[in-house]
Amino acid sequence: MACMAPSAALLSSSSANPRAYISPKSSHSRHSFAVRAGELPLVGNIAPDFEAEAVFDQEFIKVKLSEYIGKKYVILFFYPLDFTFVCPTEISIITAFSDRYAEFEKLNTEILGVSIDSVFSHLAWVQTDRKSGGLGDLKYPLVSDVTKSIAKSYNVLIPDQGIALRGLFIIDKEGVIQHSTINNLAIGRSVDETLRTLQALQFVQENPDEVCPAGWKPGEKSMKPDPKLSKEYFAAI
């Protein structure tokens, strides 16, 4: 049976205190991918709240996560930096979310991108066209996390580098984190998979007596979370 955490007010990011650990580095690897990041799981918990400056429609605005409670789902994703060699592959995910914004809008979902850059850097990046390595206009806000408090509260901050891992979180209308994926700096992400996961989440929340099998997409058969009833699904595939 699909489970939902009870509705609650979002926790303040200032109250979050994620512990840190150091991943062991392999002596056999020429290039280590070990980083330090928070270890506490966030899925199933209330999303840490934040209020920060952002750039949207080439203007500076304020974004407060808790304002979406009871109104919209939120896709919150982090990327390392604007304008640098770290993020060329991230340009495609940032612009793809914008190009496909209407698909998420139909699912009553807002998208928020976050990095540790200032709003002035964000503004310069969206004012640079794509052919010149910029983003062009985006259909969702880019949030400035210059204090690094948001990245820290979501356990994606790499302390010794001062930038965020490529984290992505799906937050439901109750303010609960229902999905997260965190990639290292060299590994890109998929808008298709984010959309599919969001659709699966909304399906099981609307149909709490059913669950979605691996790779489920809208229109495909779901499963009953019962040893006997699930046989109907397996018999049909």
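Results, tabulated for the structure shown:
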item: Amide H contacts under 5 Å for GLY175, placed H, 5+ residues apart; result: GLY70
item: Cβ-derived FRET efficiency at R0 30 Å, ARG100 paired with ASN45, nearest 0.05; result: 0.60
item: DSSP bridge pairs, the stretch 36-189: antiparallel proportion in percent, nearest 5; result: 70 percent
item: Label-point separation, GLU220 to ASP137 (7 Å along Cα→Cβ), nm; result: 3.7 nm
item: Karplus-derived 3J(HN,Hα), 6.51/-1.76/1.60, for each residue of the stretch 123-136, Hz, glycine and proline x; result: 4, 4, 5, 6, 7, 9, 6, 5, 5, 9, x, x, 9, x
item: Built amide H within the under 5 Å cut-off of ASP117, gap 5+; result: ASP82, ASP145
item: Cβ charges +1 (Lys, Arg) and -1 (Asp, Glu), total dipole of the stretch 36-189, debye; result: 280 debye
item: Label zone at LEU107, where the point sits 7 Å out along the Cα-to-Cβ direction: the stretch 58-74 residues whose backbone N lies under 11 Å; result: 73-74
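Every number here is computed from the coordinates shown, using simple stated rules; none is lab data. Keep in mind the model is a prediction, meaning the values are calculated, not measured. Every residue, glycine among them, receives a Cβ derived from its backbone with ideal geometry; neighbour counts consider all protein chains shown.
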